[in-house]
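For reference, the structure discussed in these notes is given below.
Computed from the coordinates by the stated procedures, all read-outs in this text should not be read as laboratory data. Predicted model, so just to flag it, every value in this text is computed and none were measured. FYI the Cβ positions are ideal-geometry reconstructions off the backbone, even for glycines, and counts take in every protein chain you see.
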Amino acid sequence: MAKDQNSSFDAKDLKAALKANERDRLQAAFKELERKKKQKSGKIRLLYGLGAAAAAAAAAIVLIIIFVGLPKFAPSPGDLFAEYFEPAPNLLEKQERGEIQEGIPIDTTAVSYSSGLPPTSTDLAAEQIAIDFYEANDLLAEGKAEAAIPLLKNLAGQDSDFGRSSTWYLALAYLKLVDLDQAKPLFQEMIDQPTHPYHKESKVILQHLTGG
């Protein structure tokens, strides 16, 4: 009888111990879940804070663009060439057809002769100037700046309409090739001459090139 009582006592004690152990295990599990929940909540708050900061920064950038405008970037030499290059009109043909408008400069020393007399050496030289000038223009229009430069260098600086225009096109040819060391002095030369036909354009281009 005593043995049965001891056995019954031992079984009860074992069940109680198992229940106590189960409670401890469950409590530990609940604590771990609570810890993970708090950790996750902290991460969510952090991400929310970062997202709010990013949204505020984006809104500030939008406001700056609205009130100040997009940042302006200086045009490249290629962009400037494309904007300012225009082939010279063939003034010689227009003069022959009586289409020269008043105010358009024409180099009278390079006008083709039409008297029917044999051409003089001066006539031939004048005609060659015109041929070289328009050939250089055609080369520039085709994107062949390197080929145009020698022709323009022979004409640039001359005290004539073709000479002054050749300085402009020579500067543009160097601009096309991004040879700014050669282009800048030519633009400055035209700026220093208030009556030069390309005075204003040269000033604008040089300001872009120098950041002025």
How would Ile131, Ile149, Ile205, Ile191 line up from fewest to most surrounding beta-carbon atoms within 10 angstrom? Ile131, Ile191, Ile149, Ile205
Please arrange Leu175, Leu139, Leu209 by how many other C-beta atoms lie within 10 Å of their C-beta, fewest to most. Leu209, Leu139, Leu175
Could you tell me which residue out of Ala136, Val178, Ile205 lies farthest along the dipole of the stretch 125-212 toward its positive end? Charges go on the beta carbon: Lys and Arg +1, Asp and Glu -1, centred on the Cα centre. Ile205
